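Working notes for the structure below.
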Amino acid sequence: MSTAQTPDRRPRTQRPRRYLMCRPAHFEVVYAINPWMDPDKPVDAALAVLQWERLRELYRDLGHTVDLIDPVPGLPDMVYAANGATVVDGRVLGARFRNAERFPEGAAYLDWFRSHGFAVHDPEFVNEGEGDFLVTASFVLAGYGFRSDQRSHQEAEAFFGRPVISLELVDPRYYHLDTALAVLDGDEIMYHPEAFAPGSRALLETLFPEALKVSAEDASVFGLNAVSDGLNVVLPEAAEGLAAELRARGFRPIGMDLSELLKGGGSVKCCTLEIRP
Ligand code: ARG
């Protein structure tokens with residue numbers, strides 16, 4: 001359980017965001033590249049679309065802009081748009097996927113950004129976009145251990161001109177950084193300590209002493225796969241303990257049911273790529 005932090009009730013302010021999403025029109029679980037995926041477990045494809053539509057509508061209701069990329073047949077994981085790129089200061093670092101099943105997504109996302117007028121960098125090293133790169137006010141936090149190649153961290157630092165902090169993931173259930181850590185506002189983050197190697201845990205402690213530490217229970221329902229606009233924190237509805245802690249800190253948690261997309265190993269954040277101007 002998360003610890004005895006003093007709840008911080010400072011007033012929160014929402015900043016409107018621009019997101020890129022991909023409708024799960026071709027979503028299915030037919031291969032397993034993370035421990036959440038089981039091709040023998042049925043997926044309700046229509047429900048997946050409905051749950052995703054609700055998330056998109058919620059973003060619009062909250063005042064955010066949502067762009068859509070066309071889903072490509074044969075790329076069922078394309079719905080996890082967070083993996084498609086990392087965008088900071090309007091500059092796009094493309095993704096390069098580790099697994100052959102997802103490899104073609106890199107080009108699809110890069111093409112979308114190119115055709116929408118962005119400066120793009122075609123990456124040299126494996127990186128799975130915002131799955132492993134999370135942006136705070138001062139840093140780019142970068143995960144490695146399962147998917148992104150650690151050398152991509154240097155590449156990101158050079159491209160964005162921002163300090164990149166490398167964090168080692170050790171629990172296969174939390175194979176992307178955005179399943180173990182989320183940015184709430186500025187340099188305020190929340191994370192599940194046990195998902196990180198001891199050295200990375202110590203580093204997080206030092207850099208983010210005020211961080212909200214998230215329990216195994218909330219992490220295991222994908223509670224950290226959350227999207228914050230500075231006030232509203234959209235997260236899986238099963239993460240009830242976490243929602244209460246966020247409320248105590250002055251945030252407005254909004255729980256969503258993305259049961260079908262969870263069967264692919266993703267939830268709210270995975271479906272949401274932030275385009276930072
Ligand atoms: N099935 C996808 C994979 O294993 C899920 C990706 C989830 N996305 C994320 N940002 N964590 O690659």
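Observations on the structure shown:
- Taking Lys and Arg as +1 and Asp and Glu as -1, the other residues whose beta-carbon sits under 9 Å from that of ALA142 total -2.
- Rule-of-thumb Rg ratio for the chain [Cα; 2.2 N^0.38 Å; N residues]: 0.91
- Charging the Cβ of each Asp and Glu at -1 and of each Lys and Arg at +1, and nothing else, the dipole of the chain about its Cα centre rounds to 640 debye.
- Each residue, LEU68 and ARG91, gets one label point 7 Å from its Cα in the Cβ direction; the gap between the two is 3.2 nm.
- Surrounding net charge for PHE125, when Lys and Arg each add one and Asp and Glu each subtract one, Cβ distance under 14 Å: -3
- Protein accessible area in the range 145-277, 1.4 Å probe - carbon and sulfur %: 52 percent
- Heavy-atom SASA rank of ASP111, ASP132 (probe 1.4 Å, accessible area, largest first): ASP111, ASP132
- For the range 169-277: rounded, prolate or oblate by the Cα gyration tensor [a/c cutoff 1.5]: rounded
- Site pair HIS116 and GLU53 shows an inter-label distance of 2.2 nm when each label is modelled 7 Å from Cα along Cα→Cβ.
- For the pair the range 132-161 / the range 238-261, the C-alpha centres are spaced 26 Å from each other.
- Sparsely packed loop sites in the range 170-274 (the GluC sites (Glu not before Pro) outside DSSP H, G, I, E and B with at most 14 other Cβ atoms within 10 Å) comprise GLU210.
- When the chain is treated as a GNM with alpha-carbon contacts under 10 Å, the residue of PRO71, PRO172, PRO193 showing the greatest mean-square fluctuation is PRO172.
- DSSP beta bridge pairing in the range 119-194, given as percent antiparallel to the nearest 5: 60 percent
- Whole-percent pair-distance distribution, where bins are 10 Å wide, for the alpha carbons of the range 85-148: 22, 54, 23, 1
- Near TRP36, once Lys and Arg are set to +1 and Asp and Glu to -1 for all other residues with Cβ below 11 Å from its Cβ, the sum equals +2.
- Projected onto its three principal axes, the C-alpha set of the range 1-143 covers 46, 37, 30 Å, listed from the longest axis down.
The values are calculated or read from the model by the stated rules, or taken from the named source; none is laboratory data. Quantities reported herein were computed from a predicted structural model and do not represent experimental measurements. Virtual Cβ from ideal backbone geometry, glycine too; neighbours counted across all protein chains shown. The area values use the complete protein model at the heavy-atom level, side chains included, leaving out ligands, DNA and RNA. Shrake-Rupley method; radii C 1.70, N 1.55, O 1.52, S 1.80 Å.
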